[in-house]
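Q: My structure is below; once you've seen it, I'll send some questions.
The values are calculated or read from the model by the stated rules, or taken from the named source; none is laboratory data. Since the structure is predicted, the reported quantities are computational estimates derived from the model, not experimental observations. FYI the Cβ positions are ideal-geometry reconstructions off the backbone, even for glycines, and counts take in every protein chain you see. When the accessible area is computed, the model is the full protein with side chains, heavy atoms only, and any ligands, DNA or RNA have been set aside. Shrake-Rupley method; radii C 1.70, N 1.55, O 1.52, S 1.80 Å.
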Amino acid sequence: IQPVVDSFNQLGIPTGLAPAVGFLMLVCLAVYLFPRTSLLGAILLTGYLGGAISLQLRIGAPPFNMVFPLIVAAFIWGGLYLRDPLLRSVLPVRR
């Protein structure tokens, strides 16, 4: 689709890699959604989003384009924290 082609051209990524990048994101998401592998999925998604931030930094994108992946990562880890008692026991919130 055209927005993907435009974004890939702006970032300097060959458009032929779009299916592989999308598939990689779906695999990371699937690993995150399974409760037994959700911690690994959160780590993989954080790395994926870190790559997105580095690409945005490389082209000198506006600040929101670099902060948005951080917001998404916070939601990923927040969701995992709320649904995983083991993670809550390792990282307790103190009052």
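Q: With angles folded into 0 to 90 degrees, how steeply does helix 18-33 sit against the dominant principal axis of the chain? Use alpha carbons for both and round to 10.
A: 10 degrees
Q: Let me ask another. Can you give the Rg/Rh ratio of the stretch 1-52, where Rg is from the C-alpha atoms and Rh is the Kirkwood radius? Please report the intermediate quantities before stating the final value.
A: Details: Rg = 12.8 Å, Rh = 11.9 Å.
Ratio of gyration radius to Kirkwood radius for the stretch 1-52: 1.08.
Q: Would you mind calculating the relative contact order of the chain from Cα pairs under 8 angstrom and at least 6 residues apart, reporting the percent as a whole number? Mind dumping the intermediate values first?
A: Details: 53 pairs, mean separation 17.5, N = 95.
Relative contact order of the chain: 18 percent.
Q: Now a separate question. Run a plain Debye calculation on the chain (Cα atoms as equal point scatterers, no solvent) and give log10 I(q)/I(0) at q = 0.18, 0.21 Å⁻¹, rounded to two decimals, same order as the q list.
A: The calculated log intensity ratios at q = 0.18, 0.21 Å⁻¹ are -0.90, -1.09.
Q: ³J(HN,Hα) across the stretch 34-48 via Karplus (A = 6.51, B = -1.76, C = 1.60, θ = phi - 60°), whole Hz, x for Gly/Pro?
A: 7, x, 5, 10, 5, 5, 4, x, 5, 5, 5, 5, 5, x, 4
Q: Which three semi-axes in whole Å describe the equivalent ellipsoid of the stretch 42-88, each the square root of 5 times a Cα gyration tensor eigenvalue, listed largest first?
A: Working: eigenvalues 130, 21, 4 Å².
Values for the stretch 42-88, descending: 26, 10, 5 Å.
Q: Which percent of the accessible heavy-atom area of the chain goes to carbon and sulfur, probe 1.4 angstrom?
A: Carbon plus sulfur share of accessible area: 74 percent.
Q: Keeping every protein chain present and rolling a 1.4 Å probe, give me the accessible area per residue for the chain in Å².
A: Values: 6810 Å² over 95 residues.
Heavy-atom accessible area per residue stands at 72 Å².
Q: Taking the Cβ-Cβ separation of residue 67 and residue 89 as r and a Förster radius of 22 Å, what is the calculated FRET efficiency to the nearest 0.05?
A: About 0.15, to the nearest 0.05.
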